[in-house]
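The values are calculated or read from the model by the stated rules, or taken from the named source; none is laboratory data. Remember, it's a predicted structure, so these values are computed and weren't measured experimentally. Quick reminder, even Gly has a Cβ in these numbers, built from the backbone with ideal geometry, and neighbours come from all protein chains shown.
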Amino acid sequence: MLKRENLHHYQNSALNVVLNKKKCALFLDMGLGKTTTTLTAIHDLYYNFSVERILIIAPLKVANNVWHKEAQKWEHLQELDIAIATGSVDERLSAINSNKTITLINKENVPWLIEKCKWKWDMVVIDESSSFKSARAKRFRALKKVMKYIRSIVLLSGTPSPNGMMDLWSQMYLIDQGERLGRTITNYRQRFFVPDGYMGYNYKLKPGAKEQIMELIKDVCVTMTAEDYLELPECINVNEFIELPDKAKQQYKELEKEFIISLDDIDIESPSKAALGNKLLQICNGSVYDAERNVHEIHNEKIERLKEIIEDNPGENFLVAYNYKHDLEKLQKAFPKAVKLETAKQEDDWNKGKIKILLAHPASAGHGLNLQYGGNVIIWYGLTWNLEYYQQFNKRLHRQGQKNIVRNIHLIAKGCLDEKVLFFALSGKAKTQKDLIDYLKHELYQN
(Lines give C-alpha, C1' and ligand atoms only; values in the text may rest on other atoms or scores of the structure.)
Protein backbone atom coordinates (compact mmCIF):
# COMPACT_ATOMS: atom_id res chain seq x y z
CA MET A 1 0.00 0.00 0.00
CA LEU A 2 1.07 3.62 -0.43
CA LYS A 3 2.60 5.23 2.61
CA ARG A 4 0.02 7.81 3.63
CA GLU A 5 2.53 10.50 4.52
CA ASN A 6 4.05 10.30 1.02
CA LEU A 7 0.88 9.86 -1.05
CA HIS A 8 0.16 13.57 -1.53
CA HIS A 9 3.77 14.30 -2.50
CA TYR A 10 3.88 11.33 -4.86
CA GLN A 11 0.73 12.26 -6.78
CA ASN A 12 1.50 15.96 -7.06
CA SER A 13 5.14 15.49 -8.00
CA ALA A 14 4.45 13.35 -11.06
CA LEU A 15 1.33 15.24 -12.12
CA ASN A 16 2.92 18.67 -11.81
CA VAL A 17 5.84 17.69 -13.99
CA VAL A 18 3.54 16.65 -16.83
CA LEU A 19 1.15 19.58 -16.44
CA ASN A 20 3.87 22.23 -16.10
CA LYS A 21 6.65 20.92 -18.31
CA LYS A 22 4.50 19.34 -21.07
CA LYS A 23 7.61 17.53 -22.38
CA CYS A 24 9.19 15.33 -19.75
CA ALA A 25 10.16 11.87 -18.58
CA LEU A 26 8.64 10.03 -15.62
CA PHE A 27 11.07 7.35 -14.48
CA LEU A 28 8.78 5.72 -11.93
CA ASP A 29 9.68 2.40 -10.36
CA MET A 30 7.53 -0.58 -11.27
CA GLY A 31 4.33 -0.66 -9.23
CA LEU A 32 4.09 3.09 -8.56
CA GLY A 33 1.14 3.62 -10.88
CA LYS A 34 2.60 5.22 -14.01
CA THR A 35 -0.56 4.44 -15.95
CA THR A 36 -3.06 6.03 -13.54
CA THR A 37 -0.85 9.08 -12.96
CA THR A 38 -0.45 9.66 -16.70
CA LEU A 39 -4.14 9.16 -17.45
CA THR A 40 -4.97 11.73 -14.77
CA ALA A 41 -2.56 14.19 -16.38
CA ILE A 42 -4.11 13.48 -19.80
CA HIS A 43 -7.56 14.11 -18.33
CA ASP A 44 -6.50 17.48 -16.90
CA LEU A 45 -4.67 18.58 -20.04
CA TYR A 46 -7.58 17.59 -22.29
CA TYR A 47 -10.26 19.31 -20.23
CA ASN A 48 -8.10 22.41 -19.87
CA PHE A 49 -7.92 22.53 -23.69
CA SER A 50 -4.12 22.11 -23.61
CA VAL A 51 -4.23 19.07 -25.92
CA GLU A 52 -6.83 17.65 -28.30
CA ARG A 53 -5.71 14.17 -29.38
CA ILE A 54 -3.45 11.80 -27.47
CA LEU A 55 -1.44 8.90 -28.87
CA ILE A 56 -0.18 6.29 -26.41
CA ILE A 57 2.58 3.98 -27.66
CA ALA A 58 3.02 0.82 -25.60
CA PRO A 59 4.12 -2.82 -25.76
CA LEU A 60 1.44 -4.90 -27.50
CA LYS A 61 0.03 -6.67 -24.43
CA VAL A 62 0.02 -3.43 -22.46
CA ALA A 63 -1.76 -1.59 -25.29
CA ASN A 64 -4.40 -4.31 -25.51
CA ASN A 65 -4.97 -5.03 -21.83
CA VAL A 66 -3.72 -2.37 -19.42
CA TRP A 67 -4.56 1.25 -20.26
CA HIS A 68 -8.31 0.95 -20.90
CA LYS A 69 -8.73 -1.33 -17.86
CA GLU A 70 -6.95 1.19 -15.66
CA ALA A 71 -9.18 4.00 -16.93
CA GLN A 72 -12.28 2.01 -15.96
CA LYS A 73 -11.09 1.63 -12.35
CA TRP A 74 -11.32 5.35 -11.56
CA GLU A 75 -14.45 7.47 -11.77
CA HIS A 76 -12.64 10.60 -12.99
CA LEU A 77 -11.05 8.65 -15.88
CA GLN A 78 -14.09 6.77 -17.17
CA GLU A 79 -15.12 9.70 -19.37
CA LEU A 80 -11.93 9.35 -21.43
CA ASP A 81 -12.71 7.59 -24.72
CA ILE A 82 -10.02 5.18 -25.88
CA ALA A 83 -9.48 3.42 -29.21
CA ILE A 84 -7.07 0.49 -29.47
CA ALA A 85 -5.25 0.51 -32.82
CA THR A 86 -3.62 -2.92 -32.80
CA GLY A 87 -4.35 -6.05 -34.81
CA SER A 88 -4.91 -6.11 -38.57
CA VAL A 89 -4.58 -3.09 -40.83
CA ASP A 90 -8.37 -2.77 -41.05
CA GLU A 91 -8.70 -2.93 -37.26
CA ARG A 92 -6.03 -0.29 -36.82
CA LEU A 93 -7.58 2.04 -39.39
CA SER A 94 -11.01 1.61 -37.83
CA ALA A 95 -9.68 2.63 -34.41
CA ILE A 96 -7.74 5.59 -35.81
CA ASN A 97 -10.70 6.83 -37.86
CA SER A 98 -13.02 6.66 -34.85
CA ASN A 99 -11.54 10.01 -33.74
CA LYS A 100 -11.58 9.11 -30.07
CA THR A 101 -9.60 11.26 -27.69
CA ILE A 102 -6.96 8.63 -26.96
CA THR A 103 -5.48 6.20 -29.48
CA LEU A 104 -3.43 3.25 -28.26
CA ILE A 105 -0.95 1.61 -30.61
CA ASN A 106 1.82 -0.94 -30.13
CA LYS A 107 5.39 0.24 -30.60
CA GLU A 108 6.01 -2.01 -33.63
CA ASN A 109 3.34 -0.19 -35.64
CA VAL A 110 4.68 3.34 -35.11
CA PRO A 111 6.50 3.44 -38.49
CA TRP A 112 3.32 2.21 -40.25
CA LEU A 113 1.20 4.82 -38.47
CA ILE A 114 3.43 7.72 -39.45
CA GLU A 115 3.90 6.52 -43.03
CA LYS A 116 0.28 5.56 -43.81
CA CYS A 117 -1.93 7.82 -41.68
CA LYS A 118 -2.48 11.54 -41.46
CA TRP A 119 -0.92 12.79 -38.22
CA LYS A 120 -3.50 14.29 -35.84
CA TRP A 121 -2.11 13.83 -32.31
CA ASP A 122 -0.68 16.76 -30.36
CA MET A 123 0.25 14.71 -27.28
CA VAL A 124 2.28 11.49 -27.29
CA VAL A 125 2.88 9.15 -24.37
CA ILE A 126 5.53 6.45 -24.74
CA ASP A 127 4.98 3.65 -22.25
CA GLU A 128 8.33 1.92 -21.59
CA SER A 129 10.38 4.55 -23.38
CA SER A 130 13.52 2.40 -23.27
CA SER A 131 12.04 0.65 -26.33
CA PHE A 132 13.06 3.89 -28.14
CA LYS A 133 16.61 3.82 -26.82
CA SER A 134 18.17 2.99 -30.20
CA ALA A 135 18.77 5.98 -32.47
CA ARG A 136 18.91 3.58 -35.45
CA ALA A 137 15.52 1.96 -34.80
CA LYS A 138 12.78 2.59 -37.37
CA ARG A 139 10.30 3.59 -34.67
CA PHE A 140 12.62 6.32 -33.37
CA ARG A 141 13.43 7.69 -36.82
CA ALA A 142 9.74 7.68 -37.75
CA LEU A 143 8.70 9.56 -34.60
CA LYS A 144 11.37 12.21 -35.21
CA LYS A 145 9.52 13.21 -38.41
CA VAL A 146 6.41 14.36 -36.52
CA MET A 147 7.98 15.97 -33.46
CA LYS A 148 7.16 19.47 -34.74
CA TYR A 149 3.43 18.68 -34.44
CA ILE A 150 3.61 17.47 -30.83
CA ARG A 151 2.86 19.92 -28.02
CA SER A 152 3.33 17.48 -25.18
CA ILE A 153 5.36 14.27 -24.94
CA VAL A 154 5.67 12.09 -21.85
CA LEU A 155 8.15 9.24 -21.56
CA LEU A 156 7.40 6.52 -19.03
CA SER A 157 9.86 3.92 -17.81
CA GLY A 158 10.93 2.02 -14.74
CA THR A 159 14.22 1.13 -16.45
CA PRO A 160 15.38 4.16 -18.48
CA SER A 161 18.97 3.01 -19.03
CA PRO A 162 19.01 -0.81 -18.95
CA ASN A 163 22.34 -1.06 -20.79
CA GLY A 164 24.04 2.08 -19.51
CA MET A 165 24.00 5.83 -20.11
CA MET A 166 24.21 5.51 -23.90
CA ASP A 167 20.51 4.52 -23.82
CA LEU A 168 19.47 8.00 -22.66
CA TRP A 169 20.31 10.05 -25.75
CA SER A 170 17.44 9.08 -28.04
CA GLN A 171 14.89 9.27 -25.21
CA MET A 172 16.01 12.78 -24.26
CA TYR A 173 16.05 13.79 -27.94
CA LEU A 174 12.32 13.08 -28.13
CA ILE A 175 11.84 15.60 -25.32
CA ASP A 176 14.11 18.45 -26.42
CA GLN A 177 15.43 17.61 -29.94
CA GLY A 178 18.99 17.54 -28.70
CA GLU A 179 19.04 20.68 -26.56
CA ARG A 180 20.53 18.95 -23.52
CA LEU A 181 22.55 15.98 -24.78
CA GLY A 182 23.37 17.04 -28.33
CA ARG A 183 21.60 16.94 -31.67
CA THR A 184 23.17 13.66 -32.79
CA ILE A 185 24.20 10.44 -31.08
CA THR A 186 27.69 11.03 -32.47
CA ASN A 187 27.92 14.38 -30.67
CA TYR A 188 26.75 12.70 -27.49
CA ARG A 189 29.37 9.95 -27.76
CA GLN A 190 32.18 12.40 -28.50
CA ARG A 191 31.21 14.64 -25.62
CA PHE A 192 30.75 12.07 -22.87
CA PHE A 193 32.36 8.75 -23.95
CA VAL A 194 35.66 7.31 -25.11
CA PRO A 195 36.11 4.18 -27.27
CA ASP A 196 36.68 1.01 -25.29
CA GLY A 197 37.14 -2.68 -25.97
CA TYR A 198 38.26 -4.53 -29.06
CA MET A 199 38.70 -2.21 -32.08
CA GLY A 200 36.94 0.56 -30.13
CA TYR A 201 33.46 -0.78 -30.87
CA ASN A 202 32.33 -0.23 -27.27
CA TYR A 203 32.29 2.98 -25.27
CA LYS A 204 32.86 3.93 -21.66
CA LEU A 205 32.04 7.15 -19.87
CA LYS A 206 34.68 9.82 -19.46
CA PRO A 207 35.53 10.71 -15.85
CA GLY A 208 32.73 12.83 -14.40
CA ALA A 209 30.52 12.41 -17.50
CA LYS A 210 27.77 10.52 -15.70
CA GLU A 211 27.25 13.37 -13.24
CA GLN A 212 27.25 15.92 -16.09
CA ILE A 213 24.59 13.98 -18.02
CA MET A 214 22.32 13.64 -15.02
CA GLU A 215 22.69 17.31 -14.18
CA LEU A 216 21.71 18.27 -17.73
CA ILE A 217 18.49 16.22 -17.79
CA LYS A 218 17.23 16.55 -14.22
CA ASP A 219 14.95 19.53 -14.97
CA VAL A 220 12.77 17.44 -17.33
CA CYS A 221 12.86 14.18 -15.38
CA VAL A 222 11.11 13.05 -12.24
CA THR A 223 12.17 9.79 -10.65
CA MET A 224 10.56 7.83 -7.85
CA THR A 225 11.44 4.47 -6.37
CA ALA A 226 9.05 1.98 -4.83
CA GLU A 227 10.99 1.82 -1.57
CA ASP A 228 10.18 5.49 -0.92
CA TYR A 229 6.45 5.28 -1.61
CA LEU A 230 5.24 1.71 -1.16
CA GLU A 231 5.08 -0.58 1.82
CA LEU A 232 5.84 -3.86 0.08
CA PRO A 233 6.65 -7.25 1.56
CA GLU A 234 10.26 -8.35 1.37
CA CYS A 235 11.69 -9.69 -1.90
CA ILE A 236 14.28 -12.46 -1.49
CA ASN A 237 16.65 -13.76 -4.15
CA VAL A 238 17.42 -17.47 -3.85
CA ASN A 239 20.22 -19.00 -5.91
CA GLU A 240 19.95 -22.74 -6.55
CA PHE A 241 23.30 -23.98 -7.86
CA ILE A 242 23.03 -27.05 -10.05
CA GLU A 243 25.92 -29.38 -10.74
CA LEU A 244 25.94 -30.53 -14.35
CA PRO A 245 26.76 -34.17 -15.18
CA ASP A 246 30.37 -34.85 -16.17
CA LYS A 247 29.49 -35.37 -19.83
CA ALA A 248 27.53 -32.11 -20.00
CA LYS A 249 30.43 -30.27 -18.32
CA GLN A 250 32.83 -31.68 -20.87
CA GLN A 251 30.60 -30.61 -23.77
CA TYR A 252 30.20 -27.15 -22.25
CA LYS A 253 33.98 -26.70 -21.82
CA GLU A 254 34.64 -27.98 -25.33
CA LEU A 255 32.20 -25.52 -26.89
CA GLU A 256 33.52 -22.68 -24.73
CA LYS A 257 37.10 -23.36 -25.81
CA GLU A 258 36.77 -24.59 -29.40
CA PHE A 259 33.49 -22.86 -30.51
CA ILE A 260 32.35 -26.32 -31.76
CA ILE A 261 31.09 -29.61 -30.32
CA SER A 262 29.86 -32.82 -31.92
CA LEU A 263 26.48 -34.17 -30.81
CA ASP A 264 24.64 -37.08 -32.40
CA ASP A 265 27.19 -37.02 -35.26
CA ILE A 266 26.34 -33.35 -35.92
CA ASP A 267 28.79 -30.49 -35.43
CA ILE A 268 27.33 -27.55 -33.52
CA GLU A 269 29.31 -24.38 -34.12
CA SER A 270 29.29 -20.86 -32.74
CA PRO A 271 30.50 -18.36 -35.37
CA SER A 272 30.86 -15.45 -32.94
CA LYS A 273 31.18 -14.66 -29.25
CA ALA A 274 27.58 -13.48 -29.11
CA ALA A 275 26.37 -16.74 -30.65
CA LEU A 276 28.67 -18.66 -28.32
CA GLY A 277 27.07 -16.99 -25.31
CA ASN A 278 23.62 -18.12 -26.42
CA LYS A 279 24.81 -21.67 -27.07
CA LEU A 280 26.42 -21.86 -23.64
CA LEU A 281 23.26 -20.59 -21.94
CA GLN A 282 21.27 -23.18 -23.85
CA ILE A 283 23.53 -25.93 -22.53
CA CYS A 284 23.09 -24.51 -19.00
CA ASN A 285 19.35 -25.01 -19.43
CA GLY A 286 19.69 -28.54 -20.80
CA SER A 287 19.42 -28.46 -24.61
CA VAL A 288 21.05 -26.78 -27.60
CA TYR A 289 20.08 -25.92 -31.19
CA ASP A 290 22.12 -26.93 -34.20
CA ALA A 291 22.35 -24.88 -37.41
CA GLU A 292 19.05 -26.36 -38.65
CA ARG A 293 17.25 -25.47 -35.40
CA ASN A 294 17.04 -29.10 -34.38
CA VAL A 295 17.16 -29.58 -30.61
CA HIS A 296 19.79 -31.76 -28.94
CA GLU A 297 19.25 -32.65 -25.29
CA ILE A 298 22.30 -32.32 -23.02
CA HIS A 299 20.93 -32.90 -19.51
CA ASN A 300 17.80 -32.65 -17.33
CA GLU A 301 19.32 -31.26 -14.13
CA LYS A 302 17.32 -28.01 -14.10
CA ILE A 303 14.06 -29.81 -14.82
CA GLU A 304 14.70 -32.27 -12.01
CA ARG A 305 15.51 -29.49 -9.54
CA LEU A 306 12.41 -27.58 -10.61
CA LYS A 307 10.29 -30.68 -9.95
CA GLU A 308 11.76 -30.93 -6.45
CA ILE A 309 11.03 -27.27 -5.68
CA ILE A 310 7.43 -27.58 -6.81
CA GLU A 311 6.90 -30.85 -4.92
CA ASP A 312 8.42 -29.35 -1.75
CA ASN A 313 6.07 -26.34 -1.88
CA PRO A 314 2.59 -27.79 -2.50
CA GLY A 315 0.79 -24.64 -1.33
CA GLU A 316 2.52 -22.29 -3.77
CA ASN A 317 1.83 -21.20 -7.34
CA PHE A 318 4.85 -20.63 -9.59
CA LEU A 319 5.64 -18.08 -12.29
CA VAL A 320 8.38 -19.70 -14.38
CA ALA A 321 10.59 -17.66 -16.72
CA TYR A 322 12.06 -19.47 -19.72
CA ASN A 323 14.54 -18.19 -22.30
CA TYR A 324 14.47 -20.41 -25.40
CA LYS A 325 11.71 -22.22 -27.27
CA HIS A 326 13.24 -25.57 -26.43
CA ASP A 327 13.09 -24.55 -22.75
CA LEU A 328 9.35 -24.06 -23.12
CA GLU A 329 8.93 -27.40 -24.86
CA LYS A 330 10.90 -29.18 -22.14
CA LEU A 331 8.87 -27.47 -19.41
CA GLN A 332 5.57 -28.34 -21.08
CA LYS A 333 6.64 -31.97 -21.40
CA ALA A 334 7.70 -32.16 -17.75
CA PHE A 335 4.61 -30.28 -16.50
CA PRO A 336 1.66 -31.07 -18.83
CA LYS A 337 -0.77 -28.97 -16.78
CA ALA A 338 1.44 -25.86 -16.89
CA VAL A 339 -0.05 -22.88 -18.77
CA LYS A 340 1.86 -20.65 -21.18
CA LEU A 341 0.88 -17.02 -20.60
CA GLU A 342 -0.70 -15.70 -23.81
CA THR A 343 -4.11 -14.15 -23.06
CA ALA A 344 -5.79 -11.76 -20.63
CA LYS A 345 -8.00 -14.63 -19.45
CA GLN A 346 -4.92 -16.57 -18.38
CA GLU A 347 -3.74 -13.53 -16.46
CA ASP A 348 -7.13 -13.40 -14.71
CA ASP A 349 -7.09 -17.14 -14.01
CA TRP A 350 -3.62 -16.88 -12.49
CA ASN A 351 -4.71 -14.00 -10.23
CA LYS A 352 -7.71 -16.07 -9.11
CA GLY A 353 -5.39 -18.89 -8.08
CA LYS A 354 -6.55 -21.27 -10.79
CA ILE A 355 -3.09 -21.86 -12.33
CA LYS A 356 -0.37 -23.77 -10.47
CA ILE A 357 2.47 -23.21 -12.97
CA LEU A 358 2.45 -20.23 -15.32
CA LEU A 359 5.14 -20.24 -18.01
CA ALA A 360 6.20 -16.87 -19.44
CA HIS A 361 8.97 -15.34 -21.51
CA PRO A 362 10.40 -12.13 -19.98
CA ALA A 363 10.22 -10.31 -23.32
CA SER A 364 6.45 -10.78 -23.58
CA ALA A 365 5.45 -10.69 -19.91
CA GLY A 366 7.84 -8.07 -18.60
CA HIS A 367 5.71 -4.93 -18.92
CA GLY A 368 2.39 -3.81 -17.54
CA LEU A 369 0.98 -7.13 -16.35
CA ASN A 370 -0.38 -7.42 -12.82
CA LEU A 371 0.30 -10.94 -11.57
CA GLN A 372 0.79 -10.17 -7.88
CA TYR A 373 -2.51 -11.68 -6.77
CA GLY A 374 -1.89 -15.23 -8.02
CA GLY A 375 1.38 -16.12 -6.35
CA ASN A 376 4.64 -14.95 -4.84
CA VAL A 377 7.31 -17.26 -6.32
CA ILE A 378 9.25 -16.65 -9.54
CA ILE A 379 11.54 -19.36 -10.84
CA TRP A 380 14.14 -18.36 -13.41
CA TYR A 381 14.57 -21.59 -15.35
CA GLY A 382 16.70 -19.72 -17.88
CA LEU A 383 18.31 -16.33 -17.31
CA THR A 384 18.18 -13.43 -19.76
CA TRP A 385 21.01 -11.04 -20.61
CA ASN A 386 18.51 -8.18 -20.74
CA LEU A 387 18.44 -6.20 -17.49
CA GLU A 388 15.18 -4.46 -18.38
CA TYR A 389 13.38 -7.77 -19.00
CA TYR A 390 14.85 -9.20 -15.80
CA GLN A 391 13.81 -6.31 -13.56
CA GLN A 392 10.40 -5.85 -15.14
CA PHE A 393 9.59 -9.55 -14.94
CA ASN A 394 10.48 -9.69 -11.25
CA LYS A 395 8.13 -6.77 -10.64
CA ARG A 396 5.13 -8.68 -11.98
CA LEU A 397 4.81 -10.18 -8.49
CA HIS A 398 6.65 -7.70 -6.26
CA ARG A 399 4.30 -4.77 -6.66
CA GLN A 400 1.43 -2.98 -4.96
CA GLY A 401 -1.19 -5.53 -3.88
CA GLN A 402 1.25 -8.33 -3.06
CA LYS A 403 0.70 -9.55 0.51
CA ASN A 404 3.42 -12.19 0.85
CA ILE A 405 7.21 -12.31 0.76
CA VAL A 406 8.30 -12.70 -2.87
CA ARG A 407 10.97 -15.25 -3.76
CA ASN A 408 12.97 -15.00 -6.97
CA ILE A 409 14.60 -18.40 -7.40
CA HIS A 410 17.44 -18.60 -9.92
CA LEU A 411 18.35 -22.05 -11.26
CA ILE A 412 22.07 -21.64 -11.96
CA ALA A 413 24.36 -24.12 -13.68
CA LYS A 414 27.36 -24.11 -11.37
CA GLY A 415 30.62 -22.84 -12.83
CA CYS A 416 28.97 -21.86 -16.13
CA LEU A 417 27.79 -18.73 -17.92
CA ASP A 418 24.65 -18.64 -15.76
CA GLU A 419 26.80 -17.36 -12.90
CA LYS A 420 28.36 -14.58 -14.96
CA VAL A 421 24.99 -13.43 -16.31
CA LEU A 422 23.51 -13.16 -12.83
CA PHE A 423 26.46 -11.86 -10.85
CA PHE A 424 28.23 -9.69 -13.42
CA ALA A 425 26.03 -8.76 -16.40
CA LEU A 426 22.74 -8.14 -14.57
CA SER A 427 24.08 -6.80 -11.28
CA GLY A 428 26.71 -4.64 -13.00
CA LYS A 429 24.23 -2.93 -15.29
CA ALA A 430 21.78 -2.54 -12.44
CA LYS A 431 24.30 -0.43 -10.55
CA THR A 432 24.68 1.90 -13.54
CA GLN A 433 20.93 2.39 -13.67
CA LYS A 434 20.59 2.78 -9.91
CA ASP A 435 23.14 5.62 -9.94
CA LEU A 436 20.95 7.43 -12.47
CA ILE A 437 17.75 6.80 -10.53
CA ASP A 438 19.24 7.86 -7.20
CA TYR A 439 20.62 11.10 -8.61
CA LEU A 440 17.34 12.19 -10.15
CA LYS A 441 15.16 11.01 -7.28
CA HIS A 442 13.23 13.56 -5.27
CA GLU A 443 10.01 13.50 -3.29
CA LEU A 444 8.41 16.63 -4.62
CA TYR A 445 9.25 18.13 -7.99
CA GLN A 446 8.96 21.92 -8.06
CA ASN A 447 8.59 23.84 -11.29
Could you check the range 189-211 and list, in sequence order, the residues that are at pLDDT 90 or above and surrounded by 15 or more Cβ atoms within 10 Å (Cβ to Cβ)?
Arg189, Phe192, Phe193, Leu205, Ala209, Lys210
Looking at the range 349-371, which of its residues are on the phi > 0 side of the Ramachandran plot and buried (at least 21 other Cβ atoms within 10 Å of the Cβ)?
Gly368
Give the residue that is surrounded by the fewest Cβ atoms within 10 Å (Cβ to Cβ), with candidates limited to residues of the range 57-81 that are part of a helix (DSSP H, G or I) and without any contact (Cβ under 8 Å) to a residue 12 or more places away in the chain.
Glu75
Kindly provide the set of residues from the range 297-324 that are among the hydroxyl-bearing types (Ser, Thr, Tyr) and crowded, with 21+ Cβ neighbours inside 10 Å, ordered by number.
Tyr322
Please work out if Gln433 is touching a Pro at 6+ places or on another chain (Cβ under 8 Å), crowded, with 22+ Cβ neighbours inside 10 Å and modelled with pLDDT under 80.
yes
All but one of (1) within 21 Å of the chain's Cα centre (by Cα); (2) among the polar types (S, T, N, Q); (3) modelled with pLDDT of 90 or more hold for Asn65; state the number of the condition that does not hold.
(3)
How many residues does the range 112-131 contain that are surrounded by 23 or more Cβ atoms within 10 Å (Cβ to Cβ) and modelled with pLDDT under 95?
4
In the range 155-206, residue farthest from the chain's Cα centre (by Cα) [restricted to those that are within 26 Å of Tyr389 (Cβ to Cβ), assigned to a helix (DSSP H, G or I) and among the charged types (D, E, K, R)]
Arg189
Hits in the range 234-258 (condition: of a type in the set (S, T, N, Q), loosely packed, with under 14 Cβ neighbours inside 10 Å and in a strand (DSSP E or B))
Asn237
Checking Lys73, Lys34 in turn, the sole residue that is closer than 28 Å to Leu216 by Cα, at pLDDT below 90 and of a type in the set (Lys, Arg) turns out to be Lys34
Among residues belonging to the range 119-154 that are acidic (Asp, Glu) and part of a loop (DSSP other than H, G, I, E, B), point out the one that is farthest from Ala95 (Cα to Cα).
Glu128
Lys22 being of a type in the set (Lys, Arg), more than 16 Å from the chain's Cα centre (by Cα) and in the same structural domain as Pro162 (by TED's automatic domain parsing):
yes
Output for Cβ contacts, cut-off 6 Å, separation at least six or different chains, first residue crowded, with 18+ Cβ neighbours inside 10 Å in the range 328-348, second part of a helix (DSSP H, G or I), reads Val339/Gln346; Leu341/Ala365
Go through (1) crowded, with 20+ Cβ neighbours inside 10 Å; (2) farther than 12 Å from Ile175 by Cα; (3) among the β-branched types (Val, Ile, Thr) and name the single condition Val146 misses.
(1)
Count, please, the residues in the range 159-170 that happen to be touching a strand residue (DSSP E or B) at 6+ places or on another chain (Cβ under 8 Å) and at pLDDT 95 or above.
0
Count, please, the residues in the range 86-128 that happen to be of a type outside the set (A, V, I, L, M) and within 28 Å of Pro160 (Cβ to Cβ).
15
Quickly run through the range 85-118 and pick out the residues that are closer than 23 Å to Arg141 by Cα, outside any loop (DSSP other than H, G, I, E, B) and hydrophobic (A, V, I, L, M, F, W, C).
Val89, Leu93, Ile96, Ile102, Leu104, Ile105, Val110, Trp112, Leu113, Ile114
